[in-house]
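The values are calculated or read from the model by the stated rules, or taken from the named source; none is laboratory data. The shown structure was predicted, so the numbers you read here are calculated from the model rather than taken from an experiment. No Cβ is skipped: glycine too gets one built from the backbone with ideal geometry, and neighbour counts run over all protein chains shown. Please note that ligands, DNA and RNA were not included when accessible areas were found on the heavy atoms of the full protein model with its side chains. Shrake-Rupley method; radii C 1.70, N 1.55, O 1.52, S 1.80 Å.
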Amino acid sequence: MSLSNPSQLLMRNSDLLAADCPLLINLPADGLLAAYLEQYPNSKITCFNNNFEHHLALKQSYPGKAEFVFDSQYQSSKKHDLVVIAFPKSKAELAFTLAMINPQLAENTPILIVGENKGGVKSTGKLAADYIHHIGKVDSARHCTLFSGLANTKQPAFDINAWFKHYHFILGDIKLEIASLPGVFSQNALDKGTELLLNNLPAKLEGELLDFGCGAGVISCFIGKKYPQAQLALLDVSALALASAEKTLAINGLNGTVFPSNSLSEVRGKYQHIVSNPPFHQGVKTHYGATESFLKQIKGHLKPKGNVTIVANNFLSYKPIMESAIGTTTTLINEKGFAIYHSQIR
């Protein structure tokens with residue numbers, strides 16, 4: 001398996017990876033783990049990911065080679081002697097990650113942070129200053145940079161609840177409070193696409209309903225308030241999104257089944273309605289594959305007369321895919337750069 005550019009930069013500095021109990025955080029599912037173990041076969045590696053797609057890929061590619069953990073926060077009785085972190089797509093998530101791992105580290109434990117320059121990794125020194133002593137650039141190559149420093153564990157005890165941002169919005173006669181962790185889509189306010197979707201939902205929603213790519217749970221919570229007969233299920237690839245959705249449901253007095261899935265990998269049931277503001281950005285690159293795969297395969301998870309309603313940037317050609325894969329598709333509205341598409345199963 002080939003190495004991504006950040007992984008190549010890490011292995012170019014493999015002398016820094018020597019450790020008995022290293023913790024690898026959100027590193028990609030490439031050949032890094034194999035290269036690491038080839039050089040340090042006795043290392044007891046833990047791979048923590050808050051992205052379910054990467055977690056599954058690593059677990060399936062390297063069974064028994066490491067401990068694999070998927071969650072919104074890392075908790076362990078282990079004391080790691082090295083941490084390697086992939087710079088996150090959201091800069092705010094880096095401080096969250098560093099605060100999260102503090103309880104697992106001794107003072108001055110080595111920490112490495114690697115990422116692509118266009119993803120913002122060069123701001124590591126400023127972003128990590130409160131959590132890492134002597135942070136500095138070690139190497140750069142292939143448009144990536146590697147930083148190194150020593151853990152500063154003299155920080156307040158980590159409490160995930162302190163990292164939620166809260167905001168309120170009112171739409172019609174529905175008032176909601178949203179709670180969202182760093183890195184979750186639209187963390188600070190209701191985004192325009194979702195607002196357009198909520199204003200153009202089907203007239204009736206009842207029975208089993210799936211919110212695909214639920215983020216902080218905005219769509220499901222609005223539906224739960226407006227259509228109390230709907231039975232809510234929420235999925236996302238991000239553990240941070242799922243934790244946010246659970247918090248948002250609880251704050252608003254709603255119930256729903258929240259679960260991780262890589263596109264439809266973990267979807268087992270069938271639904272009367274599927275509603276989504278599907279993601280099309282992954283990291284710093286535009287990525288449509290997950291949404292296109294979802295639209296092409298979702299018919300198998302629809303009940304008779306089931307339907308799908310999504311919002312998308314109007315330059316994305318999702319309507320022909322829905323027409324071909326699901327059934328009759330109409331454009332409910334096209335406004336402010338977004339379109340709402342509604343498909344009814346044939």
Go through the residues of the range 61-72 one by one and say whether even a single one is farther than 15 Å from GLN104 by Cα, in a strand (DSSP E or B) and aromatic (Phe, Trp, Tyr). yes
Return yes when ALA162 is under 27 Å from LEU112 (Cα atoms), modelled with pLDDT of 95 or more and in a helix (DSSP H, G or I) and no when it is not. yes
Quick one: LEU240 ticks every box in (1) in contact (Cβ under 8 Å) with a residue 40 or more places away in the chain; (2) open to solvent by 40 Å² or more (accessible area, probe 1.4 Å) except a single one, so which number is it? (2)
Find all pairs meeting these conditions: Cβ atoms under 6 angstrom apart; at least six residues apart or on different chains; first residue within the range 144-162 and under 21 Å from LYS89 (Cα atoms) and open to solvent by 50 Å² or more (accessible area, probe 1.4 Å); second residue aromatic (Phe, Trp, Tyr) and part of a helix (DSSP H, G or I). none
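Residues are listed down the side, and each one gets a yes or a no for (1) in contact (Cβ under 8 Å) with a residue 12 or more places away in the chain; (2) more than 19 Å from the chain's Cα centre (by Cα); (3) assigned to a strand (DSSP E or B); (4) more than 17 Å from PRO156 (Cβ to Cβ):
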site	(1), (2), (3), (4)
SER77	no, yes, no, yes
ILE85	yes, no, yes, yes
ALA95	yes, no, no, no
ALA99	yes, no, no, no
ASN108	yes, yes, no, yes
Can you confirm whether the range 153-172 contains a residue that is out of contact with any Leu (no Cβ under 6 Å at 6 or more places or on another chain) and under 25 Å from GLN8 (Cα atoms)? no
Kindly indicate whether any position in the range 20-28 is assigned to a helix (DSSP H, G or I), buried (at least 22 other Cβ atoms within 10 Å of the Cβ) and on the phi < 0 side of the Ramachandran plot. no
For LEU205, only one of the following conditions fails: (1) of a type outside the set (Val, Ile, Thr); (2) open to solvent by less than 20 Å² (accessible area, probe 1.4 Å); (3) touching an Asp or Glu at 6+ places or on another chain (Cβ under 8 Å); (4) touching a residue at least 40 places away in the same chain (Cβ under 8 Å). What is its number? (3)
Do you know which residues across the range 90-101 are under 18 Å from LEU146 (Cβ atoms) and either basic (Lys, Arg) or modelled with pLDDT under 95 (or both)? LYS91
